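The values are calculated or read from the model by the stated rules, or taken from the named source; none is laboratory data. This one's a predicted model, so the numbers in the text were calculated from it and none came from an experiment. Here the Cβ positions follow ideal geometry from the backbone for every residue, glycine too, while neighbour counts run over all protein chains shown.
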Amino acid sequence: MKRLFFLFVSVLFFVTNVKAQTYTPTLENLKAREVFSNDRFGLFIHWGPFSIPGDGEWVMNNRNITVKNYRRLMDFFNPIDFDAAAWVSMAKNAGMKYITLITRHHDGFSMWNTKYSDFNIMNTPFKKDVVKLIADECHKQGIQLFLYYSLLDWTREDYPHETGRTGQHTGRKGKGDYASYLQFMKNQLTELLTNYGTIAGIWFDGYWDQTAPEGTVDRSPRINWRLDEIYGLIHKLQPRCLIGNNHHLTPFPGEDFQMFEKDLPGQNRSGLSFQQPSQQLPLETCETMNNSWGFNITDTSYKSVKELIHYLVNAAGRNANFLLNVGPMPNGKIQPEFVYTLQEIGQWLKENGKTIYGTKGNIVEPQKWGVITAENKKLYVHLLNVTENETYIFTPDLKEKIISASTFAGGSKVKFKQMHEGTFIYLDGIKTNDTDTIVQLNIQ
Ligand code: JFZ
């Protein structure tokens, strides 16, 4: 009898699991994935009361600030210089096609008018719904909006904090209650997907709080997140809304894109990216302008315009979007160093965007000299690292027959020799560019 019961339970478990594993994206969702893949460049915005101490968005955890003390920040959040229109046009002028906005980070503060938590923007002196201001402006200026939403919460009592890797010193005493926390998240996500127009995607983060660290063999979660319920709700409310989750694992059923943090797909320099790039889903990689996501007043390790353009080109060459972050200041302004860099990238994209937007990558393995992007009957060979005395580069495995080659800028003829083993492209006589010399190959 007991045996039979176990059999019954395992069959039931199997059946429900199989059900959870099936996800058939709608046609409009598949279309949205394609649009997203073509976008190639977006703006990540980490902003909230955590910006005030000028010590990054992890300040609550890193400085062991209790919930009681952290709540004081709510009384200080009054960004008098915030101008949603200026942020959105800055992103557009940088050549970005979407914005991914923090709506609620690990500190649990909600940047919109939510009914489900009093720890929200309406209870600051600012008293304005930031998600609404930015969403309206994005819709007006025709740029897509993704919302970042943290699964991890350092403030709420019902978040299963006992098993969490972080947020252990915020003064919570009670026991977590995941059923209650899950309901809270569903309520909030329903608000976000109902009151702010079309939401292009939801960017989840914090799953890893309930697993052993990256690089550990067993990364199974300590709680059952029941993500299928959350994903189902999102796709029910807005079927084309793309779901991504920064869990640093192979994508789960129900997810529509795969993300990498501080690494190009296939790389693992950060120690966060052990996962293999998906062959089916659109890819995205996010990176910071200095070394911080949220505003950090002492972090001046700004990446150069050239480095960031290289990151964008390298991402496109690996079939991935680049989500570039800014951490605006507590007054609502974006620091001039970031504004300048974005302007310069925008200028570069005005001239060279044709070789990035709507292209495909992974034409050949990334090479020492750079990468190739492809569009229609054209291949764009991006020479990112060639020295002046190099007289040719060699690219392996081009399947298509090259008809002609020229520089993308200026269109002067480029000599090449295509053979069975690969192709030589000769650099003598062509004007190279310190950032990226692009050779266009017209193919059959
Ligand atoms: C996460 C956030 O914690 C971070 O604040 C930022 O929003 C970034 C985009 O995403 O970064 C991580 C993810 C995983 C770990 C640490 C930071 N981890 O596993 O320790």
Can you tell me which residues in the stretch 27-55 are under 19 Å from the mean Cα position of the chain (by Cα), surrounded by fewer than 23 Cβ atoms within 10 Å (Cβ to Cβ) and among the small types (Gly, Ala, Ser)?
Ser37
Do we find a residue being among the hydroxyl-bearing types (Ser, Thr, Tyr), away from the ligand (no atom under 16 Å from the Cβ) and either within 14 Å of the chain's Cα centre (by Cα) or outside any strand (DSSP E or B) (or both) anywhere in the stretch 272-287?
yes
Can you tell me which of (1) surrounded by fewer than 17 Cβ atoms within 10 Å (Cβ to Cβ); (2) closer than 22 Å to Gly244 by Cβ; (3) within 21 Å of the chain's Cα centre (by Cα); (4) not β-branched (Val, Ile, Thr) is the one Gln144 doesn't meet?
(1)
Taking the conditions exactly as written (within 16 Å of the ligand (Cβ to nearest atom) and surrounded by fewer than 20 Cβ atoms within 10 Å (Cβ to Cβ)), does Asn291 satisfy them or not?
yes
What about Thr166, is it crowded, with 20+ Cβ neighbours inside 10 Å, outside any helix (DSSP H, G or I), among the hydroxyl-bearing types (Ser, Thr, Tyr) and modelled with pLDDT of 95 or more?
no
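For (1) among the aliphatic types (A, V, I, L, M); (2) touching a Leu at 6+ places or on another chain (Cβ under 6 Å), each residue gets a yes or a no:
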{"position": "Glu34", "(1), (2)": "no, no"}
{"position": "Trp47", "(1), (2)": "no, no"}
{"position": "Met60", "(1), (2)": "yes, no"}
{"position": "Ala84", "(1), (2)": "yes, yes"}
{"position": "Val88", "(1), (2)": "yes, no"}
{"position": "Ser110", "(1), (2)": "no, no"}
{"position": "Met122", "(1), (2)": "yes, no"}
Top-ranked residue in the stretch 210-235 [being in contact (Cβ under 8 Å) with a residue 60 or more places away in the chain and either of a type in the set (A, V, I, L, M, F, W, C) or within 16 Å of the ligand (Cβ to nearest atom) (or both); ranked as surrounded by the fewest Cβ atoms within 10 Å (Cβ to Cβ)]
Arg222
Can you find, within the stretch 314-327, the residue that is nearest to the chain's Cα centre (by Cα) among those that are under 18 Å from Phe44 (Cα atoms) and not in a strand (DSSP E or B)?
Ala315
List every residue pair whose Cβ atoms sit under 9 Å apart, with the two residues 6 or more apart in sequence or on different chains, where the first one lies in the stretch 299-325 and is in the same structural domain as Gly244 (by TED's automatic domain parsing) and the second, anywhere, is basic (Lys, Arg) and surrounded by 23 or more Cβ atoms within 10 Å (Cβ to Cβ).
Leu312/Arg40; Ala315/Arg40; Ala316/Arg40; Ala320/Arg40; Asn321/Arg40; Phe322/Arg40
Among the listed residues Tyr357, Tyr340, which satisfies the condition of being among the hydroxyl-bearing types (Ser, Thr, Tyr), more than 15 Å from the ligand (Cβ to nearest atom) and within 17 Å of the chain's Cα centre (by Cα)?
Tyr357
Do the conditions hold for Gly327, that is, is it in contact with a helix residue (DSSP H, G or I) (Cβ under 8 Å, 6 or more places away or on another chain), buried (at least 17 other Cβ atoms within 10 Å of the Cβ) and among the small types (Gly, Ala, Ser)?
yes
Mind listing just one residue for me: the one in the stretch 362-381 that is assigned to a loop (DSSP other than H, G, I, E, B) and among the basic types (Lys, Arg) and, of those, surrounded by the fewest Cβ atoms within 10 Å (Cβ to Cβ)?
Lys368
Thr163 meets each of (1) under 17 Å from Tyr70 (Cβ atoms); (2) within 16 Å of the ligand (Cβ to nearest atom) with one exception, condition (1)
Find the helices (runs of 4 or more DSSP H) located wholly in the stretch 57-112 whose residues include 3 or more that are within 15 Å of the ligand (Cβ to nearest atom) and of a type in the set (Asp, Glu), and list them.
none
Asn385 is checked against (1) more than 15 Å from His310 (Cβ to Cβ); (2) without any contact (Cβ under 8 Å) to a residue 24 or more places away in the chain and fails just one. What number does that condition carry?
(1)
Selection from the stretch 214-238 of residues that are under 20 Å from the mean Cα position of the chain (by Cα) and either part of a loop (DSSP other than H, G, I, E, B) or under 13 Å from Leu151 (Cα atoms) (or both):
Glu214, Leu227, Ile230, Tyr231, Gln238
